[in-house]
Amino acid sequence: MTTPWTRLAVKPSAPAQRDAVSEALFAQGSLGLHEDGEWLVTHLEPGADTAPFVEAVRAADAACVYDLSSVQPMDWAATMRERITAHTLGALTVAPPWLAAQYDPLTTIVIEPAMAFGTGEHATTRGVVRLMQGVIRAGDHVADLGAGSAVLAIAAAKLGALRVAAIEMDNDAISNAEENVLRNHVAGRVQVIEGDAAVLLPLVAPVRVVLANIISSVLLELLPVIGAALSADGVAILSGILGEERARMLDAIHAGGWRVLAEDAEDQWWSVAIARVGA
């Protein structure tokens, strides 16, 4: 009999605590999270010690509720084929390899589902792809922060960007990102770089567009770095923001000397394109 995995589900005590709980799980070594209503769910490998994960989330949110249960390993390949679909977003389509042949290869971003975030199944990815189409210009230099699968970096190249730095700090995501770049024939324009965006972004600057689909607390920390990295007419597209966080993010955006160019909302998620005041 196969050894079961452990399912850890955490219900934060308040929406504002979701980022802290997510950060705690990833810091502890979680390979991925998904949302199940109000719950954040991760799966721990057979034999994993659950105590450090529980301690981490309780330290991040003492009033959270958590649940541990055993689950049998799934056939992930079969599950992915059942769950992952193609998404046509304006002029672009994001599709898994087994559905890509029916779409125009020039405007299709083919993403192999893996542990890296970014298959087109999440509203935050779709929000950025939609906003990008009113921002990216032929010949642009772009930085994609928290690139994951490199879906957004590839989308930028498909829209005409000349040079795209896909920056990702999770080593487990790098190989998937590199494979997707090759699969989409944009290796000459997209470079996958492993490391901390706050450190690497100044090194690839100036860029005209920054893409950042990251949790809101990290976005707030990165805003000054993003502003310094943009060219005079630069634009940043931010996502990973809950709709209920919109007002707080707008306050930070305006206080930081930015103006809103466009917004996108889907389900409970909000994305925004911003430029510096006067740009």
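All of the numbers you see were taken from the coordinates with simple rules; none came from a lab. Treat the numbers as computed from the prediction; the structure is a model and nothing was measured. Using ideal geometry, Cβ is built from the backbone for each residue, glycine included, and neighbour counts are taken over all protein chains shown.
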Item to check | Cβ charges +1 (Lys, Arg) and -1 (Asp, Glu), total dipole of segment 5-71, debye | outcome: 80
Next on the checklist: How large is the direction-averaged shadow of the alpha-carbon convex hull of segment 192-279, in nm²?
Outcome noted: 5.5
Checklist entry - When a footprinting reagent is the concern and you count Cβ atoms within 10 Å, what order do Val235, Val110 take, fewest first? => result Val110, Val235
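Eigenvalues of the Cα gyration tensor times 5, then square-rooted: what semi-axes does that give for segment 5-71, in whole angstrom, largest first?
Values: eigenvalues 61, 30, 21 Å².
Semi-axes from the Cα gyration tensor: 17, 12, 10 Å.
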Item to check | Mean residue ellipticity (222 nm) of the chain, computed from DSSP H runs ≥ 4 via -39,500 (n - 2.57), nearest 500 | outcome: -10000 deg cm²/dmol
Checklist outcome for this item: antiparallel share of DSSP beta bridges within the chain, to nearest 5, in %, is 55
Item to check | Ser231 long-range amide H proximity, modeled H, under 5 Å | outcome: Val207, Arg208
Checklist entry - In whole Hz, what ³J(HN,Hα) sequence does segment 127-144 give by Karplus (6.51, -1.76, 1.60; θ = phi - 60°), x for Gly and Pro? => result x, 5, 4, 5, 5, 4, 6, x, 10, 5, 10, 4, x, 5, 9, 10, 10, 10
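With a 10 Å Cβ neighbour count serving as the proxy for reagent exposure, in which order, fewest first, do Val210, Val129 appear?
Fewest to most other Cβ atoms nearby, the residues stand as Val210, Val129.
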Item to check | Surface/4 of the Cα convex hull for the chain, nm² | outcome: 14.5
Checklist entry - Which whole-angstrom value gives the distance between the alpha carbon centres of segment 93-145 and segment 234-259? => result 22
Checklist entry - DSSP beta bridges in segment 124-279, what fraction antiparallel, as a percent rounded to 5? => result 40
Next on the checklist: Helix 18-28 against the longest principal axis of the chain: what's the angle in degrees, Cα atoms only, rounded to the nearest 10?
Outcome noted: 70
Checklist outcome for this item: Farthest towards the positive end of the dipole of segment 125-192, among Gln191, Ala138, Ala153 and with Cβ unit charges of +1 on Lys and Arg and -1 on Asp and Glu, lies the Cα of Ala138
Next on the checklist: Can you tell me the convex hull volume per residue for segment 107-175, based on C-alpha atoms, in Å³ to the nearest whole number?
Outcome noted: 81
Next on the checklist: Which one, Ser217, Ala252, Ala205, is farthest towards the positive end of the dipole of the chain when Lys and Arg carry +1 and Asp and Glu -1 on their Cβ?
Outcome noted: Ala205
Item to check | Lys, Arg +1 and Asp, Glu -1 on Cβ, resulting dipole of the chain about Cα centre, debye, nearest 20 | outcome: 880
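Would you mind calculating the relative contact order of the chain from Cα pairs under 8 angstrom and at least 6 residues apart, reporting the percent as a whole number?
14 percent.
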Checklist entry - Which ³J(HN,Hα) values in Hz, rounded to whole numbers, follow from the phi angles of segment 243-253 under the Karplus curve 6.51 cos²θ - 1.76 cosθ + 1.60, where θ = phi - 60° and Gly and Pro get x? => result x, 6, 8, 4, 4, 5, 5, 5, 4, 5, 4
Next on the checklist: Please list 3J(HN,Hα) in residue order for segment 266-279, calculated via the Karplus relation 6.51 cos²θ - 1.76 cosθ + 1.60 where θ = phi - 60°; whole Hz, with x for glycine and proline.
Outcome noted: 8, 6, 9, 10, 10, 10, 8, 9, 9, 9, 5, 4, x, 8
Checklist outcome for this item: Ranked on Cβ counts within 10 Å of their own Cβ, fewest leading, Ser70, Ser149, Ser30 go Ser70, Ser30, Ser149
Checklist entry - To the nearest 10 degrees, how steeply does helix 171-183 sit against the main Cα axis of the chain, on a 0 to 90 scale? => result 50
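Could you work out the local net charge near Ala9, counting Lys and Arg as +1, Asp and Glu as -1, over the other residues with Cβ closer than 12 Å to its Cβ?
Value of the local net charge: -2.
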